[in-house]
Amino acid sequence: VLGIPGGVHSPMFPEVEAACKEVLGSEWSLVEGHGNEPDTLLKRRVYVMDSNKFPFHPAEMYHQFHDDFQSPPYGKEYNGLRLVMKKEGRISETGCPEGMLA
């Protein structure tokens, strides 16, 4: 999911689309998101949301900078960014429970 003001109708979208093609290749698609879309795992699809209609809400800290469950570990440097960002005040607790609940 990618959120930008205006979504695919944003004046920034052509630049985002060009960067996506340059970095990821033409097999990836950027698709307008409307909310409640199905998972895109292994589909090479990114939903582009209008951040004016779907504002950003930070995830719980335990969801920040962890390894993906479907791929090899990202490494300790990446995982350590959570503590760096917390220390810098760039992420913080959201008021939701932290950690996986049984």
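Readers should treat all values here as calculations from the given coordinates under stated rules, not as data from a laboratory. Model, not experiment: these values are computed from the prediction. For neighbour counting, all protein chains shown are included, and Cβ atoms are generated from backbone atoms with ideal geometry for every residue, glycine included.
Hey, rough spin-label estimate for residue 71 and residue 40, points 7 angstrom out along Cα→Cβ, what's it come to in nanometres? For the pair residue 71/residue 40, the computed spacing is 1.4 nm. Across the chain, counting alpha-carbon atoms alone, Rg and Dmax equal 15.9, 44 Å. Charge dipole of the stretch 30-102 (Cα centre as origin; +1 on each Lys and Arg Cβ, -1 on each Asp and Glu Cβ, all else neutral): 180 debye, rounded to the nearest 20.
Positive end of the dipole of the stretch 36-102 (Cβ unit charges, origin at the Cα centre): among 59, 95, 48, the Cα lying farthest that way belongs to 48.
Only DSSP H runs of four or more residues enter the estimate; each adds -39500 (n - 2.57), and after division by the residues of the chain the mean residue ellipticity at 222 nm equals -6000 deg cm²/dmol.
Taking θ as phi - 60° and the Karplus parameters 6.51, -1.76 and 1.60, the scalar couplings of the stretch 29-44 work out to 10, 9, 10, 4, x, 10, x, 6, 6, x, 4, 10, 3, 6, 9, 6 Hz in sequence order, x denoting glycine and proline. Here residue 76 is the anchor, and the lysines within straight C-alpha reach of less than 19 Å, apart from those fewer than 8 places off in the same chain, are 86, 87. The lysines within cross-link reach of residue 43, meaning a Cα-to-Cα straight distance under 22 Å and a gap of 8 or more places when in the same chain, are 21.
Considering only alpha-carbon pairs that sit under 8 angstrom and 6 or more positions apart, the relative contact order computed for the chain is 27 percent.
Sort the stretch 44-87 into rounded, prolate or oblate with this rule: let a ≥ b ≥ c be the square roots of the eigenvalues of the Cα gyration tensor; rounded if a/c is under 1.5, and if a/c is not under 1.5, prolate when a/b is larger than b/c, oblate otherwise. Oblate.
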